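Here the structure comes first, spelled out in C-alpha cells, and everything after it is commentary.
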There are 2 protein chains.
Amino acid sequence: MSAVATREQRPLRADAERSVRTILEAAEKVLAANPTASLEQVAEAAGVARTTVHRRFANRQALVDAMVRNVLDQVEAVIDSGHPDTAPPLVALHQITANVLAVKLGWPFAMQESFAPGSKWAEGQRHINARCVRLLTRAQAAGLLAPDTDLDWACKVYYALIGEAAHNTSSTDPQLLATKVVETLLHGVGPRA
Amino acid sequence: MSAVATREQRPLRADAERSVRTILEAAEKVLAANPTASLEQVAEAAGVARTTVHRRFANRQALVDAMVRNVLDQVEAVIDSGHPDTAPPLVALHQITANVLAVKLGWPFAMQESFAPGSKWAEGQRHINARCVRLLTRAQAAGLLAPDTDLDWACKVYYALIGEAAHNTSSTDPQLLATKVVETLLHGVGPRA
DNA sequence: ATCATCAGCAACAGTCGTGTAGCAGATACT
DNA sequence: AGTATCTGCTACACGACTGTTGCTGATGAT
C-alpha cells in the first residue's frame, strides 16, 4: 500500500506519503481530461506547488509510471478476488468484469496508459492477458464460448467492450455494466437463439 | 478532392497541392506513431522544410483539422458506396464495415482524432452516427438484431470492434476483418445456436 | 518568355514546460 | 524539546516547439 515513492527509497513521512497519493489522484483527473496537461496543472489540481510534484517524482515519466503501476496492481488484485481459476467461469467472468470496470471508472487515464501498445509495461500487460486467456479457456471448456473461437480475438473484444462500457453515460454501476459487457461478449447484439 | 487549403483560398499551384497531400500523409504516419510529435518531424517525414508546413497550415490545429476533415469525408463517401438505405442490411453492414476498415487502416490517427470525445467534430460524428443507427435499425427490422437491443450500445460496440480489428496483426484484409467484426457484433464469441 | 507562385534556407522572437536550487516556515517524529 | 523532514515560494537555467520574415533559386502557368 505504501512506499509508492519514486525518488527516494527512505520511508516517507506521513504527510509526504499523503502528498504522493493526492498528486497521483489529481494527476489522474487532469491527465484523463487532457493527456498533455502540464505538471503545473497537476500540481494546481492537487493543491500543492509544482516543485512538490518534482520533489516526489523525478520527472513526468516517473509520475505516469507510478500511476500505471498503481493501476496494474489494482487490476491484478481485483482479478484475484474474482477467483478466476476456481469459481464457475460465468461467475468469475461477471465478477471480474465488474471489478475491473470499477477500477477503470476511477483511473481511466492510467488504465489507458498501461494498456498502450509498445509501452514499457508490456510485461504487466502480458501477465494480465494470460490470466484473461486462461479464464476464457475455462469458459470455453464449459461451453460458454464456441469451441473454435480465437481466444486472442475474444480477449481483445472483451477489453474493447469494457472500454466502451466505461465510457457509457447511462450508468456507472459496475454490476449493471458488467452484465451488459458479458452478455454482449457471449451473444453479441443479435437475437438470442 | 482538391482545395484542401487551410491558409489560402486562392487555387493552389499543382506542386503546392502535391505538397499539401504529401504533408497530410506524412503527418498521418508520424502522428499515428506519436501524437505529440513536432511539426519538424512531420516535415522531415514529408521531405519538406518545416517552414513549408507552416506555409500550408497556419498552425498544428489547422493541420489536424485538415486530416480529420479528409477522413470524415472519406468515411461519408465510403458509407455512401455501401448503399446503407437500400441494400440488404447484412450486405450493407459487411460492405461498409470493410470500407471503413480500409480507411481506418490508412488513417488511424485522423480516425481516432475525429472520433475523440468533446472535439469540435461532434457534428460530423453525429451525422455518421445517425447513419449507423439508421442502418442498424434496418438490420433490426430484418431480424438481425434482437428487437430489444439498445441501438446506441450496439453502435458503440460496432465502433469498438472496428477499432480492435484494425489493430489486428493477423490480417490486414478488410474483407476478412469485416467478416470477423460483423459475426462478432451479431453473435458474440459464444456458441452459435 | 514572362511572371506569379512555390520551396528551401537561415535567422529571429516568443512562449511554454521542465528541472534545479536555496531559503524560511510549518509539521511530523522520538 | 529537539531534530529531521516537508512544503511553499522565488528565482533561475535550459531546451523544445512554434510561428514569422526575408531572401534566393526553382518551378508551374499562360
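The values are calculated or read from the model by the stated rules, or taken from the named source; none is laboratory data. Being a predicted model, the structure only gives us computed values, none of them experimental. Note: ideal-geometry Cβ built from the backbone for every residue, glycine included; neighbour counts use all protein chains shown. For accessibility, only protein heavy atoms count, side chains too; no ligands or nucleic acids. Shrake-Rupley method; radii C 1.70, N 1.55, O 1.52, S 1.80 Å.
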Legend entry - Shielded by partner chains, segment B:150-193 residues - at least 50 Å² of accessible area, 1.4 Å probe, vs chain alone: B:Trp153, B:Lys156, B:Glu164, B:Lys180, B:Val189, B:Pro191
Legend entry - Whole-Å semi-axes of the ellipsoid equivalent to segment B:1-85 (Cα gyration tensor, √5λ, descending): 24, 17, 10
Inset, instruction - Please list the equivalent ellipsoid semi-axes of the protein assembly as shown, computed as the square roots of five times the alpha-carbon gyration tensor eigenvalues, in descending order and whole angstrom. - result: 35, 34, 17
Inset, instruction - Would you calculate, for the protein assembly as shown, the mean residue ellipticity at 222 nm contributed by helices, counting each DSSP H stretch of 4 or more residues as -39,500 (n - 2.57) and dividing by all residues, to the nearest 500? - result: -22000 deg cm²/dmol
Legend entry - Cα centroid of segment A:16-86 to Cα centroid of segment B:49-117, whole Å: 34 Å
Legend entry - Using a 7 Å Cα-to-Cβ projection, B:Arg60 label spacings across copies, nm, ascending: 0.9
Inset, instruction - May I ask you to list the lysines whose Cα is less than 18 Å away from that of A:Lys180, ignoring any residue fewer than eight positions away on the same chain? - result: A:Lys104, A:Lys156, B:Lys156
Legend entry - Computed Rg/Rh of segment A:18-145, alpha carbon atoms with Kirkwood Rh: 1.08
Legend entry - In Å², nearest 10: area of A:His167 left accessible to a 1.4 Å probe: 120 Å²
Inset, instruction - Just reorder A:Lys29, B:Lys180 by solvent-accessible area, largest first, 1.4 Å probe, all chains present. - result: A:Lys29, B:Lys180
Legend entry - Calculated diffusion of segment A:14-58, Stokes-Einstein form, Kirkwood radius summed over Cα pairs, 25 °C and 0.890 mPa s, µm²/s: 241 µm²/s
Legend entry - Candidates per trypsin sites (Lys or Arg not before Pro) in segment B:110-166, loop by DSSP, up to 12 other Cβ within 10 Å: B:Lys120
Legend entry - Ascending list, in nanometres, of distances separating the A:Arg126 label from those of the other copies (7 Å, Cα toward Cβ): 4.7
Inset, instruction - Pull out the extension gain between B:Ala87 and B:Ala142, defined as 0.36 nm times the separation in residues minus the alpha carbon to alpha carbon distance; nm, one decimal. - result: 18.6 nm
Legend entry - Among B:Leu144, B:Leu31, B:Leu161: highest mean-square fluctuation, GNM of chain B, C-alpha pairs under 10 Å: B:Leu144
Inset, instruction - Return the aspartates and glutamates within reach of A:Lys29: Cα separation strictly under 14 angstrom, same-chain partners fewer than 8 residues apart disregarded; answer none if there are no such residues. - result: A:Glu40, A:Glu44, A:Glu113
Legend entry - Kirkwood hydrodynamic radius of segment B:107-187, from inverse mean 1/r over distinct Cα pairs, in Å: 13.8 Å
Legend entry - Heavy atoms of A:Leu151 accessible to a 1.4 Å probe, total area in Å² rounded to 10: 30 Å²
Legend entry - Shortest-first distances to equivalent copies, position A:Arg18, nm, label 7 Å out along Cβ: 6.7
